[in-house]
Amino acid sequence: MIASGRAAELGLKVVLLEKNRCLGEKLRISGGGRCNITNAEENERLLLSNYGKSEQSLYSLFTQFGMNDTFDFFESRGLNLKIEAKKRAFPITNDANDVVDVLENYMKKGKVEVRPTCTVLEIIFADGVISGIRTTDGEFVGKNYLFATGGVSHPETGSTGDGLHWLEQLGHTVIKPTPTIVPIAVEDAWVKTLKGVTLPAIRMTFYIDGVKDFRIEGDVLCTHFGLSGPLILNNAYKIAEGLKYGEVTASIDLFPKLDHGTLERQIIELFDTNKNKDLSNVLRAVVPTGTHKGVVVLLAEHMNIGVKVHSFSKESRKVLVQLLKAMPLGVTGLMGMDRAVVADGGIPLSEIDMRTMHSKKVPNLFVTGDLLHINRPSGGFSLQLCWSSGWVAGSHANKN
């Protein structure tokens with residue numbers, strides 16, 4: 001949409017082929033329906049460092065259209081933005097539909113012709129260039145063509161990897177997509193009893209075949225299938241790498257700021273004032289809010305918890321402390337593309353002129369967004385790549 005609007009603004013006649021009934025289906029669900037438009041990190045070096053190995057390749061692109069340009073684009077068109085935790089920027093209305101509206105109005109101003117429910121059947125390729133597009137609405141012929149189909153995450157929005165298939169047919173190398181920002185699946189019953197509960201400010205340690213791999217700290221969301229939330233999503237690629245080499249397990253420390261001795265003393269003090277109460281009820285005051293049910297399930301695997309506090313032995317108390325400092329998890333894998341926020345894969349950047357988004361293999365083709373093989377975390381970085389690559393492609397289509 002932004003590429004089409006930009007090309008039309010510069011005087012080109014533009015037709016946008018959309019296989020859905022409405023534009024921006026994936027954009028409408030982004031950020032939980034609020035649309036995390038960009039990350040408001042003003043230091044360009046720090047911003048680009050979030051794109052890993054692709055950092056150096058993106059400087060020219062972001063110089064032409066960066067984070068500040070994104071703010072200017074939307075706010076100059078009546079949609080003010082706000083900055084929340086971790087510099088994530090959202091529309092002040094908290095409604096992704098308003099972002100789509102800005103883009104649609106931008107295209108209308110340039111008289112972009114939108115063809116909804118138009119499915120591409122074939123990319124016609126002759127003499128080293130694209131000579132036409134055969135669709136369910138007939139054949140379209142242009143001087144330049146731009147692929148902006150997205151990758152393979154959230155296929156229910158129409159993002160089913162069509163563009164990757166076409167690019168491969170045109171001679172591009174396509175790195176197979178894998179979900180990189182995605183929840184993890186676990187096998188432990190105690191986690192699933194906490195569906196919808198956030199474990200606050202915890203520490204998780206991951207192991208490969210029992211050997212410590214890495215550690216993370218922050219909030220984690222329990223779900224009916226495992227664990228999610230930004231902390232998990234942004235470290236899923238490390239877990240995926242570990243699964244290649246062995247069994248991945250983890251432990252959760254619910255009290256990372258307390259050592260075992262301090263935590264035990266706090267529990268003893270609480271137990272001393274509640275000696276005649278049921279253990280399961282007193283545990284509510286011991287553990288973080290909302291986690292009681294899961295702790296009870298886990299503790300019941302090791303001892304009888306249907307007792308009064310005064311009957312809870314010293315040995316059992318030490319087991320409780322150990323469990324609260326290292327709640328065990330078995331990771332069964334990552335969730336699939338249907339739950340992935342972002343998937344990697346696509347064309348290596350070496351096959352694209354990153355100053356123009358122009359294909360180095362097909363002279364009249366431009367490629368944008370998730371079709372490029374670029375790893376990045378959640379937090380607005382994917383959509384900033386969308387705005388930057390779309391704007392630059394639209395700008396240079398006029399010069400091609």
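Quick look at the values:
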{"read-out": "Among the candidates L329, L385, L299, residue that is in a helix (DSSP H, G or I) and farther than 30 Å from G171 by Cα", "value": "L299"}
{"read-out": "Out of L323, L243, sole residue that is within 30 Å of I181 (Cα to Cα), in the same structural domain as G229 (by TED's automatic domain parsing), without any contact (Cβ under 8 Å) to a residue 40 or more places away in the chain and not polar (S, T, N, Q)", "value": "L323"}
{"read-out": "Residues satisfying the stated conditions in the stretch 120-141, i.e. part of a loop (DSSP other than H, G, I, E, B) and at pLDDT below 95", "value": "D127, G128"}
{"read-out": "Boolean, L103 is out of contact with any strand residue (DSSP E or B) (no Cβ under 8 Å at 6 or more places or on another chain), surrounded by 13 or more Cβ atoms within 10 Å (Cβ to Cβ) and either closer than 30 Å to E41 by Cβ or at pLDDT below 95 (or both)", "value": "yes"}
{"read-out": "Residues of the stretch 301-356 classified as at pLDDT below 90, surrounded by 15 or more Cβ atoms within 10 Å (Cβ to Cβ) and in contact with a Lys or Arg (Cβ under 6 Å, 6 or more places away or on another chain), total", "value": "2"}
{"read-out": "Qualifying residue in the stretch 357-377 (condition: within 23 Å of the chain's Cα centre (by Cα), assigned to a strand (DSSP E or B) and not charged (D, E, K, R))", "value": "yes"}
{"read-out": "Helices (runs of 4 or more DSSP H) contained in the stretch 1-50 and holding at least 2 residues on the phi > 0 side of the Ramachandran plot and not assigned by TED's automatic domain parsing to the domain that holds P230", "value": "none"}
{"read-out": "Top-ranked residue of the stretch 186-218 - restricted to ones that are closer than 23 Å to E301 by Cβ and of a type in the set (S, T, Y), ranked as modelled with the lowest pLDDT", "value": "T193"}
{"read-out": "Residues that are surrounded by fewer than 16 Cβ atoms within 10 Å (Cβ to Cβ) and free of Cβ contacts under 8 Å to residues at least 60 places away in the same chain, drawn from the stretch 58-82", "value": "Y59, T63, N68, D72, E75, S76, R77, G78, N80, K82"}
{"read-out": "Residue among A89, A96, A85 that alone is loosely packed, with under 13 Cβ neighbours inside 10 Å and within 22 Å of the chain's Cα centre (by Cα)", "value": "A85"}
{"read-out": "Candidates F206, F271 - the one that is more than 23 Å from the chain's Cα centre (by Cα) and either in a loop (DSSP other than H, G, I, E, B) or crowded, with 16+ Cβ neighbours inside 10 Å (or both)", "value": "F271"}
{"read-out": "Of residues in the stretch 24-57 being over 25 Å from I352 (Cα atoms) and hydrophobic (A, V, I, L, M, F, W, C), the one surrounded by the fewest Cβ atoms within 10 Å (Cβ to Cβ)", "value": "I29"}
{"read-out": "Any chance G66 is modelled with pLDDT of 95 or more, more than 25 Å from the chain's Cα centre (by Cα) and not basic (K, R)", "value": "no"}
{"read-out": "Residue pairs meeting the criteria (Cβ under 6 Å; at least 6 apart or on separate chains; first assigned by TED's automatic domain parsing to the domain that holds L17, in the stretch 122-138; second among the basic types (K, R) and at pLDDT 95 or above)", "value": "E122/R134; D137/R115"}
{"read-out": "Residue among S378, S350 that is out of contact with any strand residue (DSSP E or B) (no Cβ under 6 Å at 6 or more places or on another chain) and within 26 Å of K53 (Cα to Cα)", "value": "S350"}
{"read-out": "Residue within the stretch 70-80 that is in a strand (DSSP E or B) and farther than 19 Å from A393 by Cβ present", "value": "no"}
{"read-out": "Residue match in the stretch 142-158 (condition: among the hydroxyl-bearing types (S, T, Y), assigned by TED's automatic domain parsing to the domain that holds E25, at pLDDT 95 or above and outside any strand (DSSP E or B))", "value": "no"}
{"read-out": "The stretch 163-175 residues that are closer than 16 Å to I130 by Cβ, paired with ones that are part of a loop (DSSP other than H, G, I, E, B) and hydroxyl-bearing (S, T, Y) (beta carbon under 7 Å, 6 or more apart)", "value": "G163/T149"}
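The values are calculated or read from the model by the stated rules, or taken from the named source; none is laboratory data. Given the structure is predicted, the values throughout are model-derived calculations rather than measurements. Heads up, the Cβs are rebuilt from the backbone with ideal geometry, glycines too, and the neighbour counts pull from every protein chain shown.
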